Amino acid sequence: MITFNYDRSFEYYFLCALAAKYKVPAQEAARIFSNLRIVHVYGQLGELPELVSTDDEAGKEKAVPYDSFREEKNRWGINLRNAADGIQLLWDTPNDKISENIKKAQEIIYQQNNTLLFLGFGFDPTNIERIMPIKEIDIEISAYGTFFGLPKQRIADLRSKYTYKYRGAVFSLFGGDFFPKNDFVDCKIYDFLYNSHNLMK
């Protein structure tokens with residue numbers, strides 16, 4: 001999963017859901033969840049304590065609980081500093097640190113027979129160019145997602161500008177025929193996921 005958000009709500013939700021669904025301790029839920037690769041391109045508000053290795057003392061000290069405001073007041077300032085330190089602002093973060101996250105994102109995207117889902121994505125040109133700079137590929141990719149609220153002209157621009165060359169043919173990433181199908185719809189994330197069995201055939 002690739003996200004441009006700083007918050008860890010996705011991780012926290014699934015940790016809680018796994019623990020509740022399978023009635024396992026938080027540590028076991030974290031072990032299962034750790035198999036999912038998540039890249040916060042511009043950093044995050046600190047690592048969740050549940051996802052820090054038990055023998056990583058420095059990592060545990062830097063971790064920020066999701067409900068950190070419930071902790072003792074003497075930890076509030078520490079949590080605030082650690083959360084702020086985890087954010088990577090473009091104008092004051094060394095390029096190599098952001099480049100490391102961008103490289104990880106590209107490794108996720110450019111995999112053979114990959115299926116990309118764009119959910120709640122703003123399609124900012126800078127972000128697209130950073131994580132998907134390669135224009136000629138030798139792998140098959142399918143792409144799906146939501147265009148909710150985007151003006152028609154913006155959608156048309158996306159479809160015409162962001163194309164890939166594959167085996168001599170040029171394909172639009174955000175519309176039309178792709179590998180083997182490319183489907184973007186104007187709906188909310190919940191509706192997309194609820195109807196995904198119909199949308200992604």
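Residue check: is ASP191 open to solvent by less than 60 Å² (accessible area, probe 1.4 Å) and charged (D, E, K, R)?
Judged against the criteria, ASP191 is not a match.
Scan THR54, THR3 and give me the residue that is more than 17 Å from the chain's Cα centre (by Cα) and hydroxyl-bearing (Ser, Thr, Tyr).
The match here is THR54.
Among the residues of region 41-64, write down those that are open to solvent by 20 Å² or more (accessible area, probe 1.4 Å), in a loop (DSSP other than H, G, I, E, B) and under 16 Å from TYR13 (Cα atoms).
Result: GLN44, LEU45, GLU47.
Is it the case that region 167-174 has a residue that's of a type in the set (Lys, Arg) and either in a loop (DSSP other than H, G, I, E, B) or touching a Leu at 6+ places or on another chain (Cβ under 7 Å) (or both)?
There is at least one residue in region 167-174 that is of a type in the set (Lys, Arg) and either in a loop (DSSP other than H, G, I, E, B) or touching a Leu at 6+ places or on another chain (Cβ under 7 Å) (or both).
Working carefully through the options ILE32, ILE38, ILE102, find the one that is at pLDDT 85 or above, open to solvent by 50 Å² or more (accessible area, probe 1.4 Å) and in contact with a helix residue (DSSP H, G or I) (Cβ under 7 Å, 6 or more places away or on another chain).
The unique qualifying residue is ILE32.
When you check ILE134 against the structure, is it among the aliphatic types (A, V, I, L, M) and open to solvent by 20 Å² or more (accessible area, probe 1.4 Å), yes or no?
Judged against the criteria, ILE134 is a match.
Restricting attention to region 82-91, does a residue exist that is in contact with a helix residue (DSSP H, G or I) (Cβ under 6 Å, 6 or more places away or on another chain), of a type in the set (A, V, I, L, M, F, W, C) and at pLDDT 90 or above?
Looking through region 82-91, none of the residues is in contact with a helix residue (DSSP H, G or I) (Cβ under 6 Å, 6 or more places away or on another chain), of a type in the set (A, V, I, L, M, F, W, C) and at pLDDT 90 or above.
From GLY122, GLY145, grab the single residue that is open to solvent by less than 20 Å² (accessible area, probe 1.4 Å) and over 28 Å from ALA26 (Cβ atoms).
Selected residue: GLY145, the only one of GLY122, GLY145 that is open to solvent by less than 20 Å² (accessible area, probe 1.4 Å) and over 28 Å from ALA26 (Cβ atoms).
What are the residues in region 104-150 that are assigned to a helix (DSSP H, G or I) and touching a Phe, Trp or Tyr at 6+ places or on another chain (Cβ under 7 Å), if any?
Result: ASN127, ILE128.
The values are calculated or read from the model by the stated rules, or taken from the named source; none is laboratory data. Please read these numbers as outputs of a predicted model, since none were measured by experiment. Cβ coordinates were reconstructed from backbone atoms using ideal geometry, including for glycine residues, and neighbour counts include every protein chain displayed. Surface accessibility is based on the protein's heavy atoms, side chains included, excluding ligands, DNA and RNA. Shrake-Rupley method; radii C 1.70, N 1.55, O 1.52, S 1.80 Å.
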